[in-house]
Amino acid sequence: MALYVVMLGAPGSGKGTQAKRLSAAFHVPHISTGDMFRAMKADTSELARRVRAIMERGELVPDDLTIEMVRERLKQPDARAGAIFDGFPRTIEQANALDAMLEEMYGEQIDVALLLNVPEDEITRRILKRAEVEGRADDTEEVIHKRHQTYLEQTTPLIDYFSRQGKLVEVDGDRPIEVITEDLIAQIKSNL
Ligand code: AMP
């Protein structure tokens, strides 16, 4: 049986870290649209230039482009077994498209949406630390703030979207990494 999981949470909530660990635990691919867009960085095309500019402003890449990129990724055979979606969907339109794609392509559905709850001051602390350690060029204080605003405005409606479908599970993300992973694994298993 396939397993499709959506990770929700603010930038800096730890969803990327947890998504990778869940991907390893359940042997399904980790699909991160942020990683896919970052991989375009060396690309000199006009499209790549536009994507880079949007990311540097902390805004969202247009839905049609993001959805097409995910559609192509889902066509790869490993995605037939399932996926841990990290950073996608980020808008209601993307969520509707994901539901439709899984249904059309594989006759499948999202099993569970996991929301990592982390207090805002802890989020800020983590992001600033990451910017320092990794020297991520997109992590200036202004962009961090804009990304958080974008999350509040465009992505938090998904909490309601999945809640209404009875698929939302909220987890305390302000705990040690391993403890959170164990909790998430247990939540996934109990929701299958
Ligand atoms: P992330 O690594 O998931 O925080 O993504 C980094 C940046 O890539 C975001 O701030 C957006 O500019 C862009 N991005 C990633 N995923 C999406 C998405 N699903 N829809 C639109 N833009 C996205």
Of the residues in segment 50-77, those that are under 15 Å from VAL5 (Cβ atoms) and either within 10 Å of the ligand (Cβ to nearest atom) or open to solvent by 70 Å² or more (accessible area, probe 1.4 Å) (or both) come to VAL70
Filter segment 13-39 for residues that are among the aliphatic types (A, V, I, L, M) and not in a helix (DSSP H, G or I); which is surrounded by the fewest Cβ atoms within 10 Å (Cβ to Cβ)? ALA39
Based on what the data block shows, is ALA42 open to solvent by less than 40 Å² (accessible area, probe 1.4 Å), small (Gly, Ala, Ser) and more than 10 Å from the ligand (Cβ to nearest atom)? no
How about segment 147-158: which of its residues are more than 13 Å from THR91 (Cβ to Cβ) and surrounded by 15 or more Cβ atoms within 10 Å (Cβ to Cβ)? ARG147, HIS148
Given the conditions (1) in contact with a helix residue (DSSP H, G or I) (Cβ under 8 Å, 6 or more places away or on another chain); (2) closer than 24 Å to LEU184 by Cβ; (3) open to solvent by less than 70 Å² (accessible area, probe 1.4 Å), which single one is not true for ALA81? (1)
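The values are calculated or read from the model by the stated rules, or taken from the named source; none is laboratory data. Computed from a predicted structure; not experimentally measured. Cβ sites come from the backbone with ideal geometry, for glycine too, and all protein chains shown count toward neighbours. Accessible surface areas use protein heavy atoms only, side chains included; no ligands, DNA or RNA. Shrake-Rupley method; radii C 1.70, N 1.55, O 1.52, S 1.80 Å.
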